[in-house]
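Step one of this worksheet: look at the structure below.
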Amino acid sequence: MKTDRRFFKELRFRQLRALVELSRQKTFSAVAAALKMSVVSAWRQVRALEEEFGVQLVDTQGQQVVLTEDGCLLVEMAEPMVESFLSLRSVFDDRQGKAPRKLTVAAPAGVLNDALPDPVTRYRRQFPNVGLRLMERPSRGALAALLAGQADIAIVGMTAADELPAALSRHRLTRYPIHLLCPADHVLATAKRLTVKQIAQHPLVLSSEDTSDRSQVDLTFANAGVLNQLNIAISASRVPMITKYVAMGFGVALLAPGEVKPLVPKRGQPQLIWRDVSALFGHEDLVLLQRQGRFELPHVKVFREMVERSFEHG
C-alpha cells in the first residue's frame, strides 16, 4: 500500500503548530479557535506528538493546560521552525512584489511622541508606498498586540520584573533609570539618603498597572514588605498627567520618564525636581521586539535599523 508522504508532513506541522499555540493560549478551546479546528482535533494533534516522542508534553491543571519540561523543550525547538514556515508565503509574495507592503508598530504614547517621529519621518520619505501604521499601546498592550499578530514590531519598556516570551527576539534600544518626582521643597528632595520604606510613607502618584516601570516599582515595594501599606493617590499612564498631579500636591511619583528634562513650573505651582532612585528601584529597558524565527521582510528590517540608529546617535 502506497503512503502519501505529503499528508504526513502536513500532519506533523499541524501537530507542532498546535503545541506551540497551546504554549501561548493555555487551553485547547483557545487553540481550536486560533487555528480554526475543533477542540477534539486540537487535543489529538498534541496527543499524536506525545505518542511519537514517547513523553508527556502537557499537564491539565483545572481549566488551564501547562507544558511539562519535555513540552517546553519541544516548543523551544519547534517554535522558530513553525514561525519560519508561517511567514514563508508573505516573504515570497513580498519578493515577487505581489503583496502590498505593510508595517504595523505598537508602542506606548511616550515612545511614539518622543522617540519615533524622526525615524518615522525618514522611513516614510524612503518608503512612501509602505502602509505604515502606528498603534498607541502601553508596554503590555504592545506586547500582546505583537503576540496576537496585530503588530510586526513592538517597542516596549521592560524591567527585571518582566519575563520575555520565548517566541520573541529582543533588540535593546536604551535604558532609563527610575526617578522620584517631587516638589523641590519636599522632604524627599533634600534627604541625603533615601530608603524604600521612607518613600512608602508618602502618598504616591504612580504609572498605571499595565506599564513596566510600575511592575518594577511594585516589586521593589513588595520585596521591602510595604506594598500593602502604600497610599496610591492616583495611577496614570502619561508623564504629563503624573507631573500635573504631583504639582497639585497629590503625592510624589516613581517612574521611568525616559529622557529627563528640566521642569518649568506654571504660575502658582511649585518647582518640581527629578531625583534618580535607580539604586533602590532599578531601571527600565526600552526594547524593540519581533516574533522569533520569522523571516524579516526587507522593509521591516530597514525600519528596525533606523530606530536602532536613532537611539545609538542619541
Filter segment 109-137 for residues that are in a loop (DSSP other than H, G, I, E, B) and within 20 Å of the chain's Cα centre (by Cα) and give the result.
ALA115, LEU116, ARG137
Scan segment 227-253 for residues that are polar (S, T, N, Q), in a helix (DSSP H, G or I) and in contact with a helix residue (DSSP H, G or I) (Cβ under 8 Å, 6 or more places away or on another chain) and jot them down.
GLN229
Just give me the residues in segment 144-192 being farther than 30 Å from VAL20 by Cα, assigned to a loop (DSSP other than H, G, I, E, B) and open to solvent by less than 50 Å² (accessible area, probe 1.4 Å), in sequence order.
ILE178, ALA184, HIS186, ALA191
Looking at (1) surrounded by fewer than 17 Cβ atoms within 10 Å (Cβ to Cβ); (2) in contact (Cβ under 8 Å) with a residue 60 or more places away in the chain; (3) not aromatic (Phe, Trp, Tyr), which is the one condition that is false for MET248?
(2)
Give the residues of segment 267-314 that are out of contact with any helix residue (DSSP H, G or I) (no Cβ under 6 Å at 6 or more places or on another chain), open to solvent by less than 30 Å² (accessible area, probe 1.4 Å), among the aliphatic types (A, V, I, L, M) and part of a helix (DSSP H, G or I), sorted by residue number.
VAL300
Condition broken by ARG170, with the remaining ones in (1) touching a residue at least 24 places away in the same chain (Cβ under 8 Å); (2) touching a helix residue (DSSP H, G or I) at 6+ places or on another chain (Cβ under 9 Å) satisfied
(2)
Filtered residues of segment 118-143 (kept if over 15 Å from LEU103 (Cα atoms) and open to solvent by 50 Å² or more (accessible area, probe 1.4 Å)):
ASP118, ARG137, ARG140
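The values are calculated or read from the model by the stated rules, or taken from the named source; none is laboratory data. The model shown is predicted, which means the values in this text are computed figures rather than measured ones. Cβ: placed from backbone, ideal geometry, glycine included. Neighbour counts: every protein chain shown. Accessible surface is based on the protein model in full, side chains and every heavy atom, while ligands, DNA and RNA are left aside. Shrake-Rupley method; radii C 1.70, N 1.55, O 1.52, S 1.80 Å.
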